[in-house]
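Visitor: The structure follows.
Where a number appears in this text, it was derived from the coordinates with a stated rule and is not lab data. Note that this is a predicted model, so its numbers are computed, not measured. A quick note on method: Cβ atoms are made from the backbone with ideal geometry, for glycine too, and the neighbour counts reach across all protein chains shown.
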Ligand SMILES: Cc1cc2nc3c(=O)[nH]c(=O)nc-3n(C[C@H](O)[C@H](O)[C@H](O)COP(=O)(O)O)c2cc1C
Ligand code: SF4
């Protein structure tokens, strides 16, 4: 048996040849050489009892898995707009020229490849890159030269200076989550005590064991009631009521239930989950355990984006400590009727895997293609069992609510948006980093706190969110005004907002999973249109086309990625029209965009009165 076969054999044994672990198996199989050999695919397929083509299909889906040699050192520069603003491209060119390699190709000696990737979640310390999956931030010419020398000398990554890999947390404003002093086990003990008091009373009243259990279940219901009372809404973007989600999962008839923490954090400009996992991992796991207790689940997964690989080992350590102190495993907090385990799955480079049903597919070892919904994960999620999927920040808030009570939390924020929101602030400001505010804070206040000057625009909630201009800085961060998953990207007056939108168009085209034609083709056409405008070859007709594409993407896409892909362009066309107009060639007369016709078509196709609501913004 060759070394590679033997190594793969031990990986497969460790994963008990489970198909659900296929992405993890492939990721580990890739480690020694940076790519997965055809014979490895064959061996894996045989072990997990899947057709070879299926395993290859899964490997081919994820951009961090390679089926061809990709270089012993694989460099990927983060290419969000804030990385661009911080000068990532000249640094990329510098590294390419020092290592004699063309961008996007593998060097002739197979030593190195250099390319870009979507945002790696280091916007507060941009520009950044990944080397074989390990993050390096705060790049400078000096650091690039150092990296080039290390690669030229073929120094193994484990021997690179540790300070190169230092990642800052940059916590700049704390509120209830970031200032939390909750100790491991505090919240879960309080949640359980509600049930225990009731159960003890039941025993005291000499009820039957079954009745006692039913009353103990009442404690789980009480925990869900506290979450409902808090009016907590999901922090991952959609803002669904967390209490209702947990209740629906608890009420679904099933023999098993699951809890999933969505730590995919792929939205460009968002990095708050990275810091929560680095500094507040116990709070995240506490929230997941409270959820497991409340809904009756015995297993939880943390789906960690591949770009945060540096967090994997520290997170495993926190889990080990929780196991050792009885906060995980059989009989959590000495309660014989509650066992709970948490497993970490590392993603492999696919933004769409942040969508909860795609994430579940990936957790099951498949390509991360969003499922048809309904059914929703709360009734049919992981392996078709009821599953709660919540964002990292949502679980942190849930732990605090379990400890302090729902009324305490509901008093923070605004009547329709309770609690706090952690913002990932980046771009043109003196103090980029994490800012936690009660909901209702104005954009103006955030800009003042982070030291932003001459600001012309803020992109709230990333490319799929909303771009606002200076006339709107009095608006508030809240579900009823400016909802956000967390990104807050600042652009001063020197920035070209057309280029901002073009960067986002490239992002969506790159990240479209290709499953449905409207999104696959539509996002590529959008990118091409923006490139055409950038080259000074676009006309009014192309702008009209953007409106038509928005209609197509909104009405016919399978998931949220396609639905929101036009947002950044529509927002910037509406607010920064001169940035587009100066690029138009106006040699040909083009009829104005037929808004009424496009709206009628959108409504006819979808049967929804609000279909194509964005269309008015391009005219
Ligand atoms: C394309 C796409 C990407 C998403 N990425 C994330 C993500 O990285 N993190 C996240 O928590 N939610 C993400 N979501 C939202 C999830 O589908 C889901 O609503 C969320 O995890 C639920 O948790 P919450 O209720 O706590 O917000 C994404 C949605 C879409 C459509
Ligand atoms: S809308 Fe885009 S990302 Fe979503 S399923 Fe379709 S192709 Fe994939």
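Visitor: Normalised by the number of residues in the chain, what is the relative contact order in percent for Cα pairs under 8 Å and 6+ residues apart? Could the numbers behind the result be given before it?
Guide: Values: 1210 pairs, mean separation 77.4, N = 619.
Answer for the chain is 12 percent.
Visitor: Follow-up question, since we're still on this one. How much of the DSSP beta bridge set in segment 396-551 is antiparallel, as a percent to the nearest 5?
Guide: Values: 18 of 23 bridges.
Expressed as a percentage, antiparallel bridges in segment 396-551 total about 80.
Visitor: Going by a ≥ b ≥ c, the root eigenvalues of the Cα gyration tensor, does segment 428-475 fall in the rounded group (a/c under 1.5), the prolate group (a/b larger than b/c) or the oblate group? Walk me through the numbers before you get to the answer.
Guide: Working: a/c = 1.26, a/b = 1.10, b/c = 1.14.
Since a/c stays below 1.5, the shape of segment 428-475 is classed as rounded.
Visitor: Taking other Cβ within 10 Å of each residue's Cβ, how do 13, 366, 174 sort, fewest first?
Guide: On the way: 13 10, 366 19, 174 14.
By the 10 Å Cβ count, ascending: 13, 174, 366.
Visitor: Mind listing the Cα extents of the chain along all three principal axes, in Å, largest one first?
Guide: 90, 63, 47
Visitor: With a ≥ b ≥ c taken as the square roots of the eigenvalues of the C-alpha gyration tensor of segment 73-167, please select rounded if a/c is under 1.5 and otherwise prolate if a/b is larger than b/c or oblate if it is not? Can you show the working numbers first?
Guide: Values: a/c = 1.70, a/b = 1.24, b/c = 1.37.
It is oblate, given that a/c is not under 1.5 and a/b is not larger than b/c.
Visitor: Mind checking the alpha-carbon convex hull of segment 3-61 and giving the volume per residue in Å³?
Guide: Working: hull volume 4.0 nm³, N = 59.
That works out to 68 Å³ per residue.
Visitor: Follow-up. Got a sec? How would 145, 282, 169, 109 order by Cβ neighbour count within 10 Å, fewest to most?
Guide: Least crowded to most crowded, the residues run 109, 145, 169, 282.
Visitor: Could I ask something else about it? In the chain, what % of DSSP beta bridges are antiparallel (nearest 5)? Working shown, then result.
Guide: On the way: 27 of 58 bridges.
Counting only bridges with both partners in the chain, antiparallel ones make up about 45 percent.
Visitor: Taking square-rooted eigenvalues a ≥ b ≥ c of the alpha carbon gyration tensor, is segment 215-328 rounded, prolate or oblate, where a/c under 1.5 means rounded and, failing that, a/b exceeding b/c means prolate? All intermediate terms of the calculation are to be shown ahead of the outcome.
Guide: Working: a/c = 2.07, a/b = 1.37, b/c = 1.52.
Taking the square roots of the gyration eigenvalues as a ≥ b ≥ c, segment 215-328 is oblate.
Visitor: P(r) for segment 498-586, please, calculated from all Cα pair distances in 10 Å bins and given in %.
Guide: Spelled out bin by bin, segment 498-586 gives 19, 55, 23, 3 percent.
Visitor: So what's the back-of-envelope 222 nm ellipticity for the chain, counting only DSSP H runs of four-plus at -39500 (n - 2.57) apiece and dividing by all residues, rounded to 500? Please list the in-between numbers first.
Guide: Details: 24 runs with 272 residues, N = 619.
Computed ellipticity for the chain at 222 nm equals -13500 deg cm²/dmol.
Visitor: Still on this structure, I have one more. Taking neighbour counts of Cβ atoms within 10 Å as a proxy for exposure, in what order, fewest first, do 103, 502 appear? It would help to have the intermediate numbers written out before the result.
Guide: Numbers: 103 15, 502 22.
Ranking 103, 502 by Cβ neighbours within 10 Å, fewest first, gives 103, 502.
Visitor: While we're looking at this one, here's another question. Which order do the peptides 242-250, 352-360 take when ranked by the mean count of other beta-carbon atoms within 10 Å per residue, highest first?
Guide: Working: 242-250: 22.2, 352-360: 26.8.
My ranking of the peptides, most packed first, is 352-360, 242-250.
Visitor: Related question: Using a 10 Å cut-off on Cβ atoms, rank the peptides 67-74, 285-292 from the highest mean neighbour count down.
Guide: 285-292, 67-74
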